[in-house]
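The values are calculated or read from the model by the stated rules, or taken from the named source; none is laboratory data. What you are looking at is a predicted structure, and each value in this text was computed from that prediction instead of being measured. No Cβ is skipped: glycine too gets one built from the backbone with ideal geometry, and neighbour counts run over all protein chains shown. Calculation scope for accessible area: heavy atoms of the full protein, side chains included, ligands and nucleic acids excluded. Shrake-Rupley method; radii C 1.70, N 1.55, O 1.52, S 1.80 Å.
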Amino acid sequence: MTDNHEQPVLQVEHLDIKFNLRGKVLHAIRDVSLELYEGETLAIVGESGSGKSVLTKAFMGLNDSNGWVDHGSILYQGHDLARYTTEKEWLTIRGREIAMVLQDPMTSLNPLKTIGAQIEEALRLHQGLRGAAARQRTVELLNDVGITEPDRRRRQYPHEFSGGMRQRVIIAIALACRPRILICDEPTTALDVTIQAQIIRLIYDLVHRLHLTAIYITHDLGVVANVADRVAVMYAGDIVEIGTSREVFYSPAHPYTWALLSSLPQLGKKGEELYTIRGTPPNLYHHITGDAFAPRNPNALKADFIERPPFFDITPTHKARTWLLDERAPDIRPPQVLSRIQSLGQ
Ligand SMILES: Nc1ncnc2c1ncn2[C@@H]1O[C@H](COP(=O)(O)OP(=O)(O)OP(=O)(O)O)[C@@H](O)[C@H]1O
Ligand SMILES: [Mg+2]
């Protein structure tokens with residue numbers, strides 16, 4: 001845990017985001033509240049389509065134009081970003097206060113320009129740095145992201161870098177404007193596991209060294225266990241569980257979190273079939289009643305099909321939206337396979 005933990009740098013309250021597609025309305029973010037604390041690394045996990053990108057893009061005004069904030073607020077430094085509409089307003093935030101690192105490092109870089117030129121461009125745009133000052137800062141940034149021989153490498157082109165190294169360059173560009181919040185949206189999906197671990201470790205180090213606050217979006221719960229302070233689990237446009245990494249990994253409470261953890265390849269044993277979550281997520285064009293995960297939950301309670309569960313506090317830092325935490329609920333325990341998480345160690 002980081003110090004300074006009580007001060008939220010960003011506060012999302014009852015956020016609803018909808019999209020209009022060919023006359024039909026898709027409810028992508030459903031009443032999400034979330035606090036992001038200064039200096040923390042928050043991981044957001046959940047299946048494809050659960051709303052991880054839509055939620056965080058809303059912090060930078062990057063959602064597609066057929067989408068809108070239907071309800072709620074996104075408070076940042078006394079401003080409600082949910083009310084921002086013009087590019088002019090967003091340009092005060094985007095890149096300067098909040099920066100994003102995206103999935104595919106190849107498409108984010110210009111193949112025709114040197115790495116150095118691209119970083120210098122960001123420095124000129126956001127910090128007014130030019131010439132020798134910009135070059136010096138470029139070398140510093142490359143150094144910061146762990147690229148050796150920065151003065152030589154800044155003169156090279158993207159194709160001369162490996163996938164992992166390109167991702168480091170993208171992070172350097174994001175850092176060029178000294179943002180307060182760094183959002184990494186599946187920055188390692190295209191990379192192999194060891195490189196992923198290195199990039200995640202790098203982001204973790206940068207957060208501490210440069211006093212950043214980070215949001216780390218991923219499918220792969222396994223890779224965030226050691227680096228995220230907290231983990232938020234999203235399902236069908238909602239946060240269903242949030243807690244410290246320890247809490248979510250060692251004492252998960254929501255059946256969806258159980259399912260996600262059970263399907264971790266790390267828990268598999270030779271000759272044993274890996275758990276997969278059956279069924280598909282709900283259609284977000286339809287109204288969702290009760291616990292959105294209920295139709296896929298083999299142990300769903302009656303209440304799960306009737307009423308959306310409230311958040312039940314488990315500890316001051318850990319809460320989950322599941323009727324299992326209601327005092328009237330039967331004693332349903334997490335799947336046995338989760339006991340293996342303990343043996344994976346921290
Ligand atoms: N422009 C759009 N128009 C209509 N629906 C959209 C639009 N953008 C996103 N959505 C929908 O919003 C929902 C949430 O999408 P989002 O991209 O946030 O998922 P995600 O959790 O980031 O998934 P992934 O892990 O695949 O990146 C999905 O159902 C998606 O189809
Ligand atoms: Mg996404």
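For segment 8-24, the Karplus equation 6.51 cos²θ - 1.76 cosθ + 1.60, evaluated at θ = phi - 60°, returns couplings of x, 8, 9, 9, 9, 10, 6, 7, 10, 10, 10, 10, 10, 10, 6, x, 10 Hz by residue, with Gly and Pro reported as x. In sequence order, segment 265-279 has phi-based couplings of x, 4, 8, x, 10, 3, x, 10, 6, 6, 5, 10, 6, 7, x Hz under the Karplus curve 6.51 cos²θ - 1.76 cosθ + 1.60, θ = phi - 60°, and Gly or Pro positions carry x. With 10 Å bins beginning at zero, the pair-distance distribution over Cα atoms of segment 228-335 amounts to 14, 46, 33, 7, 0 %. Counting only protein heavy atoms and a probe of 1.4 Å, the accessible surface of segment 113-178 is 46% carbon and sulfur.
Put simply, the convex hull of the Cα atoms in segment 113-178 casts, on average, a shadow of 3.7 nm². Each label was represented as a point 7 Å from its Cα along the Cα-to-Cβ direction; for H79 and N226 these points are 3.8 nm apart. The mean of 1/r over all pairs of different alpha-carbon atoms in the chain, once inverted, gives a Kirkwood hydrodynamic radius of 21.3 Å. Residues in segment 1-82 average 44 Å² of solvent-accessible surface per residue, probe 1.4 Å, ligands and nucleic acids excluded. In this structure, the amide hydrogen of M100, modeled 1.01 Å from its nitrogen in the peptide plane, lies closer than 5 angstrom to those of G95, I183, counting only residues at least 5 positions away or on a different chain. Dividing the C-alpha radius of gyration of segment 1-104 by 2.2 N^0.38 Å, with N its residue count, gives 1.09. Summarising the label geometry, the points placed 7 Å from Cα in the beta-carbon direction at H211 and E87 lie 3.4 nm from one another. The label point for S251 and the one for L274, both projected 7 Å from the Cα toward the Cβ, are 2.9 nm apart. For segment 101-155 versus segment 7-34, the spacing of their alpha-carbon centroids is 34 Å.
Which entries of K18/K52; K24/K88; K57/K88; K269/K302 have Cα-Cα distances beyond 22 Å here? Over 22 Å Cα-Cα: K24/K88; K269/K302.
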